[in-house]
Amino acid sequence: MPVSHQNNKAVLTHPSGASAEVYLYGATLTSWKVANKERIFVSEKAILDGSKAIRGGIPLVFPVFGKGKAPHVTAALPQHGFARISLWKLLNSSDETNTVTAEFGLDHSLISEENRKLWPFDFSLVYTVKLAADTIETKLRVHNVGDKSFDFNTLLHTYFLIPDASSVKVIGLSGVDYVDKVLQTTVHQEGDIVIKGEVDSVYANVKSPDVQISYVAEQGGVQLHLKGLNDVVVWNPWVAKAAGMADFGNEEFHKMICVEAGQVAEFIALAAGGSWEGSQVLSESQRTVVEAG
Ligand code: TA6
């Protein structure tokens, strides 16, 4: 059964043995396995009952990144918006020769009354998860189905499971200016990113569509190939912030890194009747991404 659906979770299984799992709560992908090796981090303390955003996986940030700021209409919305805390529908599934696909939908009628009042726009989101033997694509399409334009941020807030945060490099963002939310300043990225403490960095308008998380010791890694997503957030809470999250194990920061592709530096304006899409293709990588110029 390429795509099964039970207990509010869709399970995608590829003939190669690769698999993925997506909770309808938030359409949160919580597992991607290749050769039976998990590539996605979910905290052992994650709450999966729909009462709180899942700590891990690929939470979907929409329509605002972080906390909206007055007087913007998103100011009163929950942190990172309502998409990750709403119950999506499994729209359809299919399996072609080399891929297994599931599509999930969220629209105005499916979000809470409170969020409808806070964000009074007719929208439709379609989230597509396409699993191949050694890659997975996650694509979000945003449709403005109302008569008023709206603007939005979005982000695929991907938590990657890694051997050791202090021995990974994030390659492909050299030469890009980023907002360092820890130091509260803007910095120019020189060379690869390494994790030696809390990291919370927003890279806007990245040059290369390819970003790699390289495991230095294991010679392995994961590559992100981005389309229509020009900003990348890199986050690791490290000791203090990890200790402050009830749904995050104190030592778990060693085995995760968030490399999150999206559109967060600016709001995207979407006219009535308009559509937008952005996607990432994740693949295992053994080679190093060629540095952008
Ligand atoms: O994407 C990084 C970030 O914005 C961090 O600042 C941190 O807040 C993280 O998201 C997790 O946010 P959450 O609301 O899921 O606790």
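The values are calculated or read from the model by the stated rules, or taken from the named source; none is laboratory data. As the structure is a computational prediction, the values presented were derived from the model and not from experiment. Cβ: placed from backbone, ideal geometry, glycine included. Neighbour counts: every protein chain shown. Just so you know, the surface numbers come from the protein's heavy atoms only, side chains and all, with ligands and any DNA or RNA stripped out. Shrake-Rupley method; radii C 1.70, N 1.55, O 1.52, S 1.80 Å.
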Considering Cα pairs under 8 angstrom that are at least six residues apart, work out the relative contact order of segment 18-115 and quote it in whole percent. 22 percent
Starting from the 7 Å offset along Cα-to-Cβ, what nm value, one decimal, do you get for the label separation of LYS255 and ASP147? 5.4 nm
First measure r as the distance between the Cβ atoms of ALA76 and GLU266, then evaluate 1/(1 + (r/R0)^6) with R0 = 25 Å and state the FRET efficiency to the nearest 0.05. 0.75
Any idea what the dipole of segment 140-293 comes to, in debye rounded to 20, about its Cα centre with Lys/Arg Cβ at +1 and Asp/Glu Cβ at -1? 180 debye
Selected from GLY262, GLY17, GLY221 as most flexible by GNM, with the chain as the system and alpha-carbon contacts under 10 Å: GLY17
Distance (nanometres) between label positions extended 7 Å along Cα→Cβ at LYS89 and TRP276: 2.4 nm
Length added when fully stretched, ALA246-GLN219, from 0.36 nm per residue minus Cα-Cα: 6.4 nm
How large a share of the accessible area of the chain, in percent, is made up of carbon and sulfur atoms when the probe is 1.4 Å and the other protein chains stay in place? 51 percent
Solvent-accessible area of VAL170, probe 1.4 Å, all protein chains present, reported in Å² to the nearest ten, please. 0 Å²
Taking the chain and dividing mean pair separation by its residue count, relative contact order in percent (alpha carbons under 8 Å, at least six apart): 18 percent
Considering the chain, what Rg and Dmax in Å follow from its alpha-carbon atoms? 18.1, 54
